[in-house]
Amino acid sequence: METLQKKEIKKAYQQKKTIGGIYAIQNTKTNKWFVKESHNMAASKNLFDFSKKINDCPEQKLKQDWLQYGGESFCFTVLEELEKGEEQTRKSFHEDLKELLQIWLEKLSEKALY
C-alpha cells in the first residue's frame, strides 16, 4: 500500500466519530434486563450478534439463563447513544457514560435487572 494511501486511511480512522451509550440485553423469557454502558456501541452490538451466532454468552451475569433458555431468548436494545466530543478525553467520556448508566438504572428500577 502506498504511503499516501496509508496516511489517508489513518486520518479517516482518527476522524471517525466515537459513539458510545447505554444498552440492554433482555431475556424475553423471564423479562429480566442486563444494562451496561459501552464506549463503542457498534462493537457491543457486534459482540452480542456474534455471541448469539456461536451460542456463547457475552456477559457472565447472563450465563446461567443463557444456558437454560438459549441465546435466541435474548435481544439487544440501544437505550441511548452518546457521541464523544472532539476535545473530550477517553476518561471524561467514560465518566459521562457511567453517569448515564446510573440514570438508566434508576429509570429501569421497576424492571427485573440482572
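Tabulated data
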read-out: Pair list, Cβ < 8 Å and 6+ apart or interchain, from segment 63-79 residues that are touching a residue at least 60 places away in the same chain (Cβ under 8 Å) and farther than 15 Å from Val35 by Cα to residues that are β-branched (Val, Ile, Thr) and outside any helix (DSSP H, G or I); value: none
read-out: Any chance Leu67 is closer than 15 Å to Tyr114 by Cβ, open to solvent by 100 Å² or more (accessible area, probe 1.4 Å) and assigned to a helix (DSSP H, G or I); value: yes
read-out: Pairs, first at positive phi in segment 39-59, second outside any helix (DSSP H, G or I) and open to solvent by less than 90 Å² (accessible area, probe 1.4 Å), C-beta under 8 Å, six or more apart; value: Asn55/Gly70
read-out: Some residue of segment 83-99 being in contact with a Leu (Cβ under 7 Å, 6 or more places away or on another chain) and open to solvent by 30 Å² or more (accessible area, probe 1.4 Å); value: yes
read-out: Conditions (1) assigned to a loop (DSSP other than H, G, I, E, B); (2) crowded, with 18+ Cβ neighbours inside 10 Å; number of the one not met by Tyr23; value: (1)
read-out: Filter result (assigned to a strand (DSSP E or B) and either touching a residue at least 60 places away in the same chain (Cβ under 8 Å) or over 17 Å from Lys45 (Cα atoms) (or both)) within segment 80-114; value: Glu81, Leu82, Glu83, Ala112, Leu113
read-out: Single condition Asn55 does not satisfy, out of (1) under 23 Å from Lys111 (Cβ atoms); (2) open to solvent by 30 Å² or more (accessible area, probe 1.4 Å); value: (1)
read-out: Tabulated pairs, segment 1-20, first loosely packed, with under 10 Cβ neighbours inside 10 Å, second of a type in the set (A, V, I, L, M) and at pLDDT 70 or above, C-beta under 9 angstrom, 6+ apart or interchain; value: Met1/Ile9
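The values are calculated or read from the model by the stated rules, or taken from the named source; none is laboratory data. In this text, all values refer to a predicted model and were calculated from it rather than measured experimentally. FYI the Cβ positions are ideal-geometry reconstructions off the backbone, even for glycines, and counts take in every protein chain you see. To get the accessible areas, we keep the full protein, side chains included, count just its heavy atoms, and leave off ligands, DNA and RNA. Shrake-Rupley method; radii C 1.70, N 1.55, O 1.52, S 1.80 Å.
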